[in-house]
Every structure is written in C-alpha cells, then in structure tokens.
Amino acid sequence: YGINFKGFCIFLSFLFTFLLFLAIASLFLIPNPLEVLNALKTEEMIYSLKLSIITSLVSMIFVMLLSVPIGYALSRYSFPGKSVVKSILDLPIAFPELVLGLALLLLFGQSFIGKFLEDFGIKIVFTKLGIIVAQFFTALPYAVRIIYSTFEEINPRYELVSRSLGYGEFETFFNVSLPLAKNGLFASTIITFARCMGTFGTVLILAGGSYMYTEILPITLYLNISYGNMEMAITSGILLIIISFIAILAF
Amino acid sequence: YGINFKGFCIFLSFLFTFLLFLAIASLFLIPNPLEVLNALKTEEMIYSLKLSIITSLVSMIFVMLLSVPIGYALSRYSFPGKSVVKSILDLPIAFPELVLGLALLLLFGQSFIGKFLEDFGIKIVFTKLGIIVAQFFTALPYAVRIIYSTFEEINPRYELVSRSLGYGEFETFFNVSLPLAKNGLFASTIITFARCMGTFGTVLILAGGSYMYTEILPITLYLNISYGNMEMAITSGILLIIISFIAILAF
Amino acid sequence: MNFLKIEDLSIDLGEFKLVDVNLEVKKRDYLTIIGPTGSGKSILLETIAGFYKPEKGRIYLEGEDITNLPPEKRNMSIVYQDYVLFPHKTVFDNIAYGLKKKIKDKEKIREEVTQITEVLKISHLLHRKPTTLSGGEQQRVALARALIVKPKLLLMDEPFSALDIKTKENLRKLVKKAISEYETTVLHVTHDFDDVWSLANKVVVMKNGKILQEGDVNEIFYKPSINFVADFVGTNVLDGEVIGKEDGLTKIKVGNCVLLSVDDGEGKVRLSIRPEDIIISNNPIETSARNEFRCKVEKINRMGNLVYLTLNVDGIMLRCILTPNALYSLNIKEEDIIYALIKATNVRIIAKNVEGECRS
Amino acid sequence: MNFLKIEDLSIDLGEFKLVDVNLEVKKRDYLTIIGPTGSGKSILLETIAGFYKPEKGRIYLEGEDITNLPPEKRNMSIVYQDYVLFPHKTVFDNIAYGLKKKIKDKEKIREEVTQITEVLKISHLLHRKPTTLSGGEQQRVALARALIVKPKLLLMDEPFSALDIKTKENLRKLVKKAISEYETTVLHVTHDFDDVWSLANKVVVMKNGKILQEGDVNEIFYKPSINFVADFVGTNVLDGEVIGKEDGLTKIKVGNCVLLSVDDGEGKVRLSIRPEDIIISNNPIETSARNEFRCKVEKINRMGNLVYLTLNVDGIMLRCILTPNALYSLNIKEEDIIYALIKATNVRIIAKNVEGECRS
C-alpha cells in the first residue's frame, strides 16, 4: 500500500518528464539536419542571433547592476514602503509579459516620460533600444528574487561582525556580503541572460517584430512560423535552447 | 558614508518600483474609460474572457493533480533518474514559452504521438484543447517548484512520527503532509491559475491565435494591437491584471 | 532470547553512518546512548525505527526479523528533541493520533488519553494547540503521544536538551514514572550525563558510527574500557606498571607512588580513578582503604556548584571534586598539604600492556 | 565615572525586547548576563554593539554618548555562539581583518596575529579555512579576531554553548588568560553557571527584557533578591518569621525550627540557603556555626557526578549537594538520621514582609 503511493508519485514524475523530453527531442529530431544548417546560414538568422546575444548581454549587465542593490536593500534594510517595493518580486506572476509590454508601450509611447525622452532623441518604442528595455523589465524581477533570497540566506551576523571590527556598511558589503553571495550572483546572472534571450511577448509589443530590424531569435521563430517556414522557426528554437544551455554550462 | 550606501540601495529600489507602477498606471489612466467599457461589451471580449477563465481553471486542476505528487516525490523520495526529473524545475529558465510551444507543436502535430491521438479523434494542434495543453505544460514546472519547496520546508520527522505511530505512507501523506503543506498548496494554486491566464507564446504556437476560436485574453491583446485597436488591447490587458489580482485576493 | 537484537548494522548517509553495530537490549532495559556529535547516535535510533534501510545487518525484535518491516509495523515510538508535535492538531488529537489507528471506540480513546495525561500532568492542556505550549509542556505531550500506543520500544533522541535545568529534572521524574507504569523498554540518545545517572541502567558509548563500549552505568563510568570513553566521561587516567600482588590486590607503580587495585593485571597498565571517588582529609586516616597519599593542593577551581582540586601526589596530578561545604569544613587552601584516600575498588585497570607516558 | 553606562534602554523587536534597562560596568569588569531563553540577553548585547537603534535610552562609553554611533565607530568586538567566521577567508585573514582597517603595516599585522594566536594556541591553523576546523578551534579563532583589535568592550553571546564540556573548560582558561593579557572589559551572555563561576566578577539576571538583579557573583548566588532569581540559581527557598535577635543574629522561625541569620529583618521573611552550603555530619559537631539540625535523609538522588540529598528537618525539606566521596566517607543511606549544619552567614534573607506558605 505504502509502496504503491511512492511508486505512484514517482511514476507521475517520470510520465511528465518523459513527455517533456519527447517534445524537446522532436524539436531536434523531426527537422531535416541539412535544412537546419541552411537556415543557420541565412542572413536573417545570423542577424537575429547577433542581435539577440548583444541585446541580452546589455540587458543582463543593467539588470545585475540594479538587482544587486535592490535585493540587498530588500533583505537587509527596513524602510517605509518596503512592502510596495517587495511586490516587484511577485510581479511576474500577476503580470504576463504581454501586458508588461503593453504597459511599457503606453509609458514610453504615450505618456510624458516618452515625450520627455524623445526630446533628447531617445526612442524606445519599435526600436532596438526597446528590445533592451523590454528584456530589462522582464528579467529584473527574477534577478531581484534570486539575489534577495541569496542575501536572506546569509546570516547578517557576518556583516555585524565586520561592522564591529571597524568597517562601514559599504566596505562590509564588498568585503563580506558580496563574496558570500558569490554563488547566488552567478546563478542570477545566468538566469537573467537566459531570461533576456527568451523574452518574447514584451519585446513583440514594445519593440515590434520587424524583419531584420528588431528581430531577435524569439521573433524569428514567430515570424517564420507565421510564414510557414518551419525550418527557420525550428532552427531559431534550437538556437535558443543551445545558447541557454551553454550559458548554464559556462558558469 | 554608510548611510549613503543604504540610501543608494533604497533609492534604486524605489526608482525601479516607481517606473513599474507608472507603467501599470498608464495602462489604467491613458485609455478613455468609456471606450474601455465599450470594448468590454464586445462579443469578442466576452468570448475571450470566458474562454480564458474556463481553460485556465481546467489547466489549473490538471496541473495541481500532477504537481502535488511530483513535488512530493522530488522532496521525499530518492530514486534513480531523480536528477533528470528535477531538471523540470529549471526548465522555464532555459526554455522560453515560444520554444516550448514549438516543441509541443512538433510533438502533437508531426510525431507518432500526435497521429496516435488523432486516431482517437483527439486534436490538439490549433484547437481549444491545445490551449489547455499549452497552459498545462507552461504552468506545471512553476507549480512543481513551489510545491517541492513547500514539502522541503516541512520537517520529514512529522511524517516519521506518524509512520511510527502506525500509519502507512498514504495515510501519513493525507493526515500530516497535506495539512502542513496547506499554505504552499494554496499559493501554488493561485500562481498556477495566474500563470495559465497569462500564457501567450505557447498558446500562440500550439493553439494558434484564431479570432473567436482559440482566442484567450493574451491573444485578444495581441490580435488587437496588430490591428491597431488600442482600446481592445488595453482592455484585455486590464482584464488580465484584474483577474490575477482577484485570484490573489480571493485566496 | 534478547528483546531487541542488532547484528552488524551498517549504513552510510554521508555525514552520519553506522559501522557494524551489534547491540542487545533486554525487556524493560533503559539504555542510554552517549557519544560526541556526529557519532551516529541518532541514525542508530532512526534505523531501528525503520526510517532508513540498513545496507547490511539485521534487526530482531522479540526474535522476529524486522529489518525490512516498514516503520508503521514495528510498534516503536520516537520522541525528538524538537517535539515534532502536529501543529494543526490539538494536544488531545496529537496524543490520540496513534491510538485512533488502532481502536475506533472514542470513549476508550478518551479514557486512555485521560490516563496518560494525568501521569504526565498535562490534562489541563488538552484543548490547546501545541504551538501555544512551553517547551517542557510540548515534550510531555510528545511523550504522551509516544507512550499511549504502548510501544514495544520507546526511542528518544536527546529529548530534554532543548529544556532548562529545572524542566529537565521535572521531566526526568515524569519519564521515570511513566515508563515504569507502561513497562516500556527505552533507547535514549543523550549528551547529558544527568540523563544517564538518573534514568538508565545500561549505557552505550558511540563514536564514528561504532559502539566503543557498552555496559551497566557503573561499569562505563567507573571502568571505561577505552581511553576515549574515559576521557569522555571525565575520569583520571594514569599509566603505571604492575609490580606484584599484596593480600589479593594488584600493586601498581605509578611514578613514585604505589597504588593498590582490586583488578588483575600485569606489565604496563592504564588506570582510571574517578575524581569524585578521591576522599580528602586533613590528617592521615586509619581505614580499610589501602591507598592513602600525602599530597599538595596545586589548584582550587570553582566550577558551578562544585570545586575541582588539582592534587599533586609526588608528581602525579589527580583531579578531585568536592562540594563547597566539604571544602569549607576541611578548610583547604591552595598549597596546603592534605591526604587523599582512594579505595582499592575505585582504582580500575582500564587497559593492559600499554605503551607510552603517564598522562593526567 | 563608569566605563559603560546604560540608561533606560528600551527596544521592542517583537519576539525580543528590552524594557528600561539600566546598567553600569567598570573598566576590566567581567560581567555575565544570565536568564531564561527570550529574556533579551542577546538583544542587549547587540544593542550595545550598535546593531539595533534603541527606541529609548542612552548608552555611554567612557562618558561619551554613543547611542547614535554606528557599530564601526564603537570599538567593541562581538563573539557569537556559531563563531561567524568568514568562510571565504583563511584563519589568518579572519584574525587580521579588523586590524587591517586600522594599520597598513603588514609586518606589524603579522606580529600582532602571531602574538594573539600564541596566547590562544591556534598558531598552527593560520593557513586553514575556518570550515575545516573543529568547533573549539573556530571559537578560538573568533576570539582572536575579536581581541586583536583591542576592543574597549568584548561582547560574547553564549560563546561556549555549542562546545562539549572538555572544550568549554579549555576555552574558559584561554579566555581568562587572553582577557587579562589584553585588559578587556567583557559582557558575556550565558546560560551555563560554570561560565559565571569560573570567569565573572559581576552577574546580571534578566527576564522578559528587564534586569531583575545585578551584583557580584556571590551576591547573586547567595543572596538572590527575587524569587525567580533564587529559583533560577537553584537555592533552597524557605518562608519564615523573625522572632527576635540573639548575639547580633536574627532568629527566624521556619516551621518548628529556628534559624539564625546574619541578615537583618522583621516580620515574615523569605530565606535562601544554597544546597552546597549545608554541611553534613553523622554526629553533632561542636562549632561556631549556630544552625545545627537533626534531620532525616528522605531521598538520595545521584545526578551526574553529584549526589542530591533531600533532608527532612522537622517537616522542612532542604536540598543538599554532596560528592559521592563525601557520601561514602559519611556512609549515609536513605532514612538515616544525620546532622545538618548551616553557618549563619549562609542563611540569607532574600525578601521581607512576605505573604504565603512555606515552600521548598
């Protein structure tokens, strides 16, 4: 009876895993390898790959620069309005990418902020900059979440001891908090990069899906599936997966 | 010096929160309320809203039925291949929605499984069933993750004590593990529902974005933005947010 | 036939392990398991309870091989240091939990709960939730929950170590009463010697997953067989050489002194003398005790409600424990010359054919 | 002027709090803070260290108001139960950490580290990472890290409670040596009376965020001013009534007995007699001690390396502690009639004008 329950749970786990791996496998096995290779060599695919990597790297840097102080502030300090800030962490749940994209579109396209930026020649809507903004806003809550829980797991006494030994808050942060958070920071960097690479809805709405202009890999996948170019679509899907895995292995 | 660092971290937190809230606010403030009300009353919006809620509820039920045993198995049992199953948890990072949609499209559209199901009259590609399948595969890893960490936080000694007092594994699961996991189960149910409501990329690829057929709210948002019907797009965005918030508050 | 018999039990969980553990427990024994952190004490309990499958070895309960029985079929209860009461159930439901599986008669269950809670003095708490109770109360509830099913074996994993001294003493009394009432056989992991002295009749000393010594309480404390055990229980350890016999007692030369012991031995031996067995007086005493030494008080250390004297017996250092009142009535100060008396029965040979220097 | 002065310190962190704490510490004092769990001992230390901002009250160090000073400007070091060594730094870098902020001369730093590590006997560990050390070694490193900056105040939060008895004793000796060498003033939170006896000259007893009593070690243990403190430190508490004076001593009637005390009092009073201050003999003794009672041994309990006697003095129950050797030389058994002697200086009046029954 007991063994049945255990077996049942494990069976379900394998069933779902199996289906999922079958789905991933079909991505790699169904297409013709030659056609994938040809698709890889097209100007469109090369453009899209380059743009994806560049925008994701830039977004990643900005996300990390912002999420480390935000995660640290949420974990270590209490300040008025903290609970409001903390709701960022839960945002991705209640706020689908597509809606986030729409909100950003309205913010930068139709509000005073958009007009203000445009006066300085900064255009976000339907531009490459829009890709970075979309990726940034999509990935940041994830990064903050990981960094926040990383700092939460570090006993604040390490910092207290450092303070009592004569080091200020900033020095303590660099001497103690950051080295102790090393693993969490690495993890969040990878996840941020992968998240930026895969952002679709936000980018589609804010930056548009223009052929060979704001075309990142997810857009390539989408555009080509719409035109019925399955090989191009599958190739960009494979590229997306491979890049994510390389990122995970590289760190 | 120390205060500056603290102030700097808190300032950045507020800056990002402010931008985000401004974006959300513009979603609610920029459109004309009357036009939103009119958009709400259109046949398309009502159809989309109904379909979204029904598919999300159905997906949610299936996700919970599967994720509780999977999360429990991952947390409590060790079995060969566990690390493979555990990689499900990290899947959403390396596997963008769009790619998941494509993989499912190939699995159910072009592999033997798709043909097998079709022989029984079950069509998944470009159908309403496809919406549910897409939502299910997208939301399940999130649910498993929450349920897994919920069970991880429950001291297994509670179960050991129950076992030693004469209850088998299955009885112990119902008498002890489930009641202790109550909060985590509630949370994962909400998140699953919200995640199903917001699924876009997977649904778009697997079920297609057919007007008044597989049209759920994110599809409505996307279709209407393509046609330039901003009011319809914004209205579906607002609906998505409101429903997520209601779900969170209702529990 | 032994009540519980463990044969060559081995398991390796990485951090904790058991290596070829053999153990025999009689019915109604109260066995305490002591040893340093990480010695495998807890994992031994949990393997006996059936929470881990041993890699090797057998466990027999009343002659029956239970090695592969699931925990729910073993009829053993476990009490943990952190109580592990079900937070979603009331105290009553916690205590009744195990019984409900066995009997369906609600009246009978209520009776049994009433009985055990009276023994453990928690009748007034039945409708509370566990989280509202103090540590001592929670542990009494955990005990009640464990005892009410009348387990063949009660396993306790440092049950008192989270409690303060007063509560500990109290609970020890209650445990004593309850287990005698329920005629329970007990395995009790602890690092508190007070548990051993006040509850146990048997002791097992473990280290690195192995059983180093087992025996009656007095055997372990007065005749630790291995150096580590002696160190662990705090006795004086001396190295010497047997130089002959006198009136049936073994004469052992330690430094410049000669000690008499009731134990047999020859060649180089290692001795154990417990610090509380050294009797102090200001003047030579005429007694039947044969080991009397003139010695200098090197140091007086007050520790808690005890006084530790370091005595210099012609170059050999001995630790000796007194109460402050004894110190007062003897009027001892550092550098004083006093007389130390050790009964030959308290000089125990703990190792034979020893190489090495005299320690202490 | 006091070295450290705390005025009306209040803070409420929910689970833990301080309520109007006043405290004065002299230079080179060794103050231990005792009290039950949740009494606010740790938070007091951390507030003094500057980790929490008090809601009310002031802290003065050497006359200077440091209430609003950040921790790094206070020149205090803290040692925690769980060591809190930086895992990414070697032992050397851990110890040198605080010094590096103050002096840049690497040779000087190396010298200072060498010196402190010799005192604490950890010179051989300098190149190891903290996680590879035993608990005792880690705590010595933490002490070295704290002491090397020559803090005005050393704060220790149950520094030994994670260690075994042997290591504790060892570390106490080292701490004693190190703080005398570095002339440090110490605040030490503990729940182990051994720390108090072997290290402290002052004691503070806390409960529910308040200071209940403070004073010299002997004052607290021999004359606890509040019932809770007496209970907490384990003394005999008796209620009686003053019936007169005799030769300058106060005569107090407790039950049918009359006790003499050096303390003054009148009316109903509460007395404290420490169990280790009761002197036992088989026959009446002729001494200067005035309180001698014939009593029956009700119960003999062995607890650890001590024996607890419960004595019935004409209906009054007294707890008394002996070592096994004393028990042996007196040859006492349960039900025996013996004589208990209590010096008038050891009968302390701890409360006056008491209502209520005789307890004990």
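The values are calculated or read from the model by the stated rules, or taken from the named source; none is laboratory data. All of these numbers come straight from a predicted model, not from anything done at the bench. When we count neighbours, we look across all protein chains shown, and the Cβ atoms used for this are built from the backbone with ideal geometry, even at glycine. Ligands, DNA and RNA are stripped out before the accessible areas are found, and what is left, the full protein with its side chains, is counted by its heavy atoms. Shrake-Rupley method; radii C 1.70, N 1.55, O 1.52, S 1.80 Å.
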Can you give me the number of residues within the stretch C:297-331 that are in contact (Cβ under 8 Å) with a residue 12 or more places away in the chain, part of a strand (DSSP E or B) and either in contact with a Gly (Cβ under 7 Å, 6 or more places away or on another chain) or not hydrophobic (A, V, I, L, M, F, W, C) (or both)?
-> 8
Across the stretch D:53-74, the tally of residues that are open to solvent by 50 Å² or more (accessible area, probe 1.4 Å), under 13 Å from D:Phe3 (Cα atoms) and out of contact with any strand residue (DSSP E or B) (no Cβ under 7 Å at 6 or more places or on another chain) stands at 2
Can you tell me which residue among A:Ile132, A:Ile113, A:Ile93, A:Ile122 is open to solvent by 20 Å² or more (accessible area, probe 1.4 Å) and at pLDDT 95 or above?
-> A:Ile132
Identify the residue in the stretch B:191-200 that is in a helix (DSSP H, G or I) and in contact with a Pro (Cβ under 8 Å, 6 or more places away or on another chain) and, among all such residues, is nearest to the other protein chains (Cβ to nearest Cβ).
-> B:Gly198
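Each row is one residue, and each column tells you yes or no for (1) away from chain B (no Cβ under 13 Å); (2) out of contact with any Phe, Trp or Tyr (no Cβ under 9 Å at 6 or more places or on another chain); (3) crowded, with 22+ Cβ neighbours inside 10 Å.
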| position | (1), (2), (3) |
| --- | --- |
| A:Phe173 | no, no, yes |
| A:Asn183 | yes, yes, no |
| A:Thr189 | no, no, no |
| A:Gly208 | no, no, no |
Residue tally, condition among the hydrophobic types (A, V, I, L, M, F, W, C), more than 9 Å from chain B (Cβ to nearest Cβ) and farther than 13 Å from A:Ala39 by Cβ, over the stretch A:224-242 = 1
Apart from one, (1) under 30 Å from C:Ala162 (Cα atoms); (2) at pLDDT 95 or above all hold for D:Asp93; the odd one out is (1)
Scanning the stretch C:148-188 for residues that are among the small types (Gly, Ala, Ser) and at pLDDT below 85, the one surrounded by the fewest Cβ atoms within 10 Å (Cβ to Cβ) turns out to be C:Ser161
Reported set for the stretch C:191-227 where residues are modelled with pLDDT under 85, farther than 24 Å from C:Leu171 by Cβ and among the charged types (D, E, K, R) is C:Glu219, C:Lys223
Considering only the stretch C:322-353, state which residues are modelled with pLDDT under 75, within 11 Å of chain D (Cβ to nearest Cβ) and open to solvent by 40 Å² or more (accessible area, probe 1.4 Å).
-> C:Tyr328, C:Ser329
Please report, ordered by residue number, the helices (runs of 4 or more DSSP H) entirely within the stretch B:35-138 with at least 3 residues that are among the aromatic types (Phe, Trp, Tyr).
-> B:43-76
From the set of residues in the stretch D:77-112 that are in contact with a helix residue (DSSP H, G or I) (Cβ under 6 Å, 6 or more places away or on another chain), within 14 Å of chain A (Cβ to nearest Cβ) and β-branched (Val, Ile, Thr), which is surrounded by the fewest Cβ atoms within 10 Å (Cβ to Cβ)?
-> D:Ile109
Give the residue that is surrounded by the fewest Cβ atoms within 10 Å (Cβ to Cβ), with candidates limited to residues of the stretch D:252-296 that are in a strand (DSSP E or B) and over 31 Å from the mean Cα position of the chain (by Cα).
-> D:Arg294
Out of curiosity, is A:Ala39 facing another protein chain (nearest Cβ under 9 Å) and either among the aliphatic types (A, V, I, L, M) or in contact with a Gly (Cβ under 6 Å, 6 or more places away or on another chain) (or both)?
-> no
Look through D:Thr32, D:Thr37, D:Thr47, D:Thr67 and report the one residue that is of a type in the set (S, T, N, Q) and assigned to a strand (DSSP E or B).
-> D:Thr32
Could you say whether any residue in the stretch B:92-108 is in contact with a Pro (Cβ under 9 Å, 6 or more places away or on another chain), touching a residue at least 24 places away in the same chain (Cβ under 8 Å), more than 8 Å from every other protein chain (Cβ to nearest Cβ) and under 19 Å from B:Pro141 (Cα atoms)?
-> yes
Evaluate the following for A:Glu215: is it buried (at least 21 other Cβ atoms within 10 Å of the Cβ) and acidic (Asp, Glu)?
-> yes
Among residues of the stretch A:52-90, those that are buried (at least 22 other Cβ atoms within 10 Å of the Cβ), under 21 Å from D:Tyr52 (Cα atoms) and either of a type in the set (Ser, Thr, Tyr) or in contact with a Pro (Cβ under 7 Å, 6 or more places away or on another chain) (or both), counted = 1
Only one residue in A:Ser13, A:Ser52 is within 14 Å of another protein chain (Cβ to nearest Cβ), out of contact with any Phe, Trp or Tyr (no Cβ under 7 Å at 6 or more places or on another chain), among the hydroxyl-bearing types (Ser, Thr, Tyr) and in contact (Cβ under 8 Å) with a residue 24 or more places away in the chain. Which one?
-> A:Ser52
Scanning for something closer than 23 Å to D:Glu183 by Cα, in a loop (DSSP other than H, G, I, E, B) and among the charged types (D, E, K, R), does the stretch D:80-100 turn up at least one residue?
-> no
Selection status of D:Arg28, in contact with a Ser or Thr (Cβ under 9 Å, 6 or more places away or on another chain) and either open to solvent by 50 Å² or more (accessible area, probe 1.4 Å) or not assigned by TED's automatic domain parsing to the domain that holds D:Pro159 (or both) = yes
Quick check: is even one residue across the stretch D:210-222 over 30 Å from D:Arg140 (Cβ atoms), more than 12 Å from the chain's Cα centre (by Cα) and either among the basic types (Lys, Arg) or not in a strand (DSSP E or B) (or both)?
-> yes
Say we look at the stretch A:81-90 and pick out the residues that are of a type outside the set (Gly, Ala, Ser) and more than 7 Å from every other protein chain (Cβ to nearest Cβ); which of these is farthest from the chain's Cα centre (by Cα)?
-> A:Lys82
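Residues checked against (1) aliphatic (A, V, I, L, M); (2) in a strand (DSSP E or B):
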residue	(1), (2)
C:Glu107	no, no
C:Glu137	no, no
C:Val141	yes, no
C:Lys150	no, no
C:Arg172	no, no
C:Lys177	no, no
C:Asp194	no, no
C:Val203	yes, yes
C:Met206	yes, yes
With respect to B:Phe193, is the statement that it is open to solvent by 10 Å² or more (accessible area, probe 1.4 Å) and farther than 23 Å from B:Ile241 by Cα true?
-> no
Say whether the condition of being farther than 15 Å from C:Ala146 by Cα and of a type outside the set (Asp, Glu) is met by at least one residue in the stretch C:177-189.
-> yes
For the stretch A:215-249, the count of residues that are in contact (Cβ under 8 Å) with a residue 12 or more places away in the chain and assigned to a helix (DSSP H, G or I) equals 24
